[in-house]
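Before any comments, here is the structure.
The values are calculated or read from the model by the stated rules, or taken from the named source; none is laboratory data. Keep in mind that this is a model prediction, so the values were computed, not measured. Positions of Cβ are generated from backbone atoms using ideal geometry, with glycine treated the same way; all protein chains shown enter the neighbour counts. Note: areas computed on protein heavy atoms with side chains; ligands, DNA, RNA excluded. Shrake-Rupley method; radii C 1.70, N 1.55, O 1.52, S 1.80 Å.
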Amino acid sequence: MTTLDLPATAPPARPRREPPTLTAVITWVAAGCFVAVILGVLASVVVQSFSTTWRGGWWPDGLTATWYGRAWSSTGMSQALVNTAQAGIAVVVIALLAGVPAGYLLARRAFPGRSVVMLLMLLPIILPPMTYAVQLAALMYRVGLGGSMTAVVLVNLVPTLPLVVLIMVPFVEQISPDVENAARVFGANNWRLFTRVLIPLLLPGMLAAGILVLVRTLGAFELTFFVSGADTQTLVVALFGAISDPGGVPISLTAAMAVTYMLVAVLGLAISLRFVTPSQAIRQRHR
C-alpha cells in the first residue's frame, strides 16, 4: 500500500505589529521619566536614612542603622505610631457606620434639596483642608477637646464621612429595589434587611471606601496638626515636628522617620488591598 502525501500546512501568519505612534512614544517616555524621578527620590531618602555622613557625592561616607533606633526612642515615634493606628481605625469605623446608612438614604429617598446636599458634601473633599482646619481647631479647643484623640478623630471625619457617603450612593443605586421587597415579603425587618441582605451586597463598596478613608487619614496633616497635642500627634505630625525643630535634628534621623512613615502607609494600603481591589469593586458594582 502506498501512502498519500498530504500537503504540509503552512504555519499561521503572525500578526503584524504596527509601529508605535508619536503620541504613544511621548506618553511612555513621560511615564518612564516620572517613575524614574519618583524612584530616585525614594531611593535617596532610604540611603540617607542609613548614612553616617553624606557630603554631597553619589554615595554616603558610611552606612548605619542606628538612626532608626534613635528615631524610635528619642523622637516619640513609637507613640506616634500607636496614635496613627488608633486614629485611622476609629475614623474608618465611624465613617463606615455613619456613612453607609446615610448613603442608603440618599440613594433611596427623593426629597427637595437632595442635589444641594450632595453638592455640600463635596465641599470638604475638594476644598483645601487649611480653609477649614483653623476654624475646626478653634471649635475643638472651645469645647475642651483640643489636644485629645477625640478631637483628632472628629476633625478627620469632616472630609472622610462625606467621602464614604458619596462612594456608597452609586453602590446602593445599582441594587434593585426588588431585592429589598422580596426580603420584606419573606418577613425580614429593617435590621435583618440591612445586615443580611444589603451589607453583603455593599461589602465591596464599603471596603473600597474604607481603604480611601484610611489612606486619607494617614496623610492628613493640617487637620491633625492643629488639634493634636504632644501625646496625640500622628506620624505625619511627628515627622513635621522633627523637620522643623529649631535645635537641628540630623537629616538622617528625619529620613529614618520618613521611611518608617512610608512603610506604615504602604503596609496599611497592602493589607487593605488584600481584601479588595478597585477593579473588583467596579466589577461588583456593574453586575
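Counting only protein chain heavy atoms and rolling a 1.4 Å probe, the accessible areas of Leu154, Leu81 rank, largest first, as Leu154, Leu81. Relative to the Cα centre, the charge distribution of the stretch 65-213, modelled as +1 at Lys and Arg Cβ and -1 at Asp and Glu Cβ, gives a dipole magnitude of about 180 debye. Looking at the stretch 180-209, the chymotrypsin sites (Phe, Trp or Tyr not before Pro) that sit in a DSSP loop and have at most 13 other Cβ atoms within 10 Å of their own Cβ are Phe186. Within the accessible surface of the chain, defined with a 1.4 Å probe on protein heavy atoms only, the carbon and sulfur portion equals 70 percent. Each of Leu96, Leu154, Phe240 was placed along the dipole of the chain (beta-carbon charges, centred on the mean Cα), and the one lying farthest toward the positive end is Leu96. Between Gly146 and Tyr141, the built amide H atoms are under 5 Å apart, and every one of these is 5 or more places off in sequence or on another chain.
For the stretch 30-39, the Karplus equation 6.51 cos²θ - 1.76 cosθ + 1.60, evaluated at θ = phi - 60°, returns couplings of 5, 5, x, 5, 4, 5, 5, 5, 4, 5 Hz by residue, with Gly and Pro reported as x.
Here the stretch 110-129 is scanned for amide nitrogen atoms under 11 Å from the site 7 Å beyond the Cα of Gln135 along Cα-to-Cβ, giving 124.
Hand me the trypsin sites (Lys or Arg not before Pro) from the stretch 87-144 located in a DSSP loop with no more than 10 other Cβ atoms within 10 Å, in residue order please. Let's see the in-between values first.
Working: sites: Arg108, Arg109, Arg114, Arg142; in loops: Arg109.
For trypsin sites (Lys or Arg not before Pro) across the stretch 87-144 that sit outside H, G, I, E and B with at most 10 neighbouring Cβ atoms in 10 Å, the list reads Arg109.
Counting only protein heavy atoms and a 1.4 Å probe, the chain has 62 square angstrom of accessible area per residue.
Less than 5 angstrom separates the built amide H of Thr64 from those of Ser51, Thr52, all sequence-distant by 5 or more or on a different chain.
Residue by residue, the stretch 119-127 carries 3J(HN,Hα) couplings of 5, 5, 5, 6, 4, x, 7, 8, 6 Hz when phi is fed to the Karplus relation 6.51 cos²θ - 1.76 cosθ + 1.60 (θ = phi - 60°); x denotes Gly or Pro.
So what does Asp231 come to for accessible area, using a 1.4 Å probe and Å² rounded to 10? That residue has around 120 Å² of solvent-accessible surface.
Can you tell me the alpha carbon radius of gyration of the chain divided by the globular rule-of-thumb value 2.2 N^0.38 Å?
Details: Rg = 26.5 Å, N = 287, 2.2 N^0.38 = 18.9 Å.
Compactness ratio reported: 1.40.
Positive-end ranking of Ala230, Met130, Ala256 along the dipole of the chain, with charges on Cβ about the Cα centre, is headed by Met130. Measuring only protein heavy atoms, the 1.4 Å probe finds Ser148 accessible over about 30 Å².
What number, in percent, do you get for the relative contact order of the chain if the mean sequence gap of Cα pairs under 8 Å and at least 6 apart is divided by its residue count?
On the way: 269 pairs, mean separation 79.1, N = 287.
It comes to 28 percent, rounded to a whole number.
For the chain, a simple Cβ point-charge model (Lys and Arg +1, Asp and Glu -1, everything else neutral) yields a dipole of about 700 debye relative to the Cα centre.
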